[in-house]
Amino acid sequence: MKIKPILDKVVVRVQKNEAATRGGILLAKSSSKDEPIRAEVVARGDGGMTDDGRKLKMYLEPGDIVLIPRGAGTGFTMDGHEYVIISQKDVLAAIYPNT
């Protein structure tokens, strides 16, 4: 199955060290309830427009590893994996390996 988010939304797959209830509520296995969730971007929208009519730039790409706040976005399960749909502006940070 394939998913295509719209506008400034990104779909992230929660990494294995996280868990979610059947309803999509994300649970920490052994971390603080305030610690952000680590996830991989699997799809993104095209960006849409800002309130003042400018094209909204999308910075995230599929494959990027990101941190998102707990409780942000909308969680769901697809093909046995836990996902969250979130606005790009709500992503806290992207994590890039040292090069």
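Per-residue answers, yes or no, for (1) basic (K, R); (2) in a loop (DSSP other than H, G, I, E, B); (3) modelled with pLDDT under 90:
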site	(1), (2), (3)
A72	no, yes, no
T77	no, no, no
E82	no, no, no
I85	no, no, no
P97	no, yes, yes
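Given the criterion closer than 13 Å to A39 by Cα and touching a Phe, Trp or Tyr at 6+ places or on another chain (Cβ under 7 Å), identify the matching residue among Y83, Y96. Steps first, answer last, please.
Numbers: Y96 fails: touching a Phe, Trp or Tyr at 6+ places or on another chain (Cβ under 7 Å).
So the residue among Y83, Y96 that is closer than 13 Å to A39 by Cα and touching a Phe, Trp or Tyr at 6+ places or on another chain (Cβ under 7 Å) is Y83.
The values are calculated or read from the model by the stated rules, or taken from the named source; none is laboratory data. Everything numeric here is computed off the predicted structure, so don't read it as measured data. Every residue, glycine among them, receives a Cβ derived from its backbone with ideal geometry; neighbour counts consider all protein chains shown.
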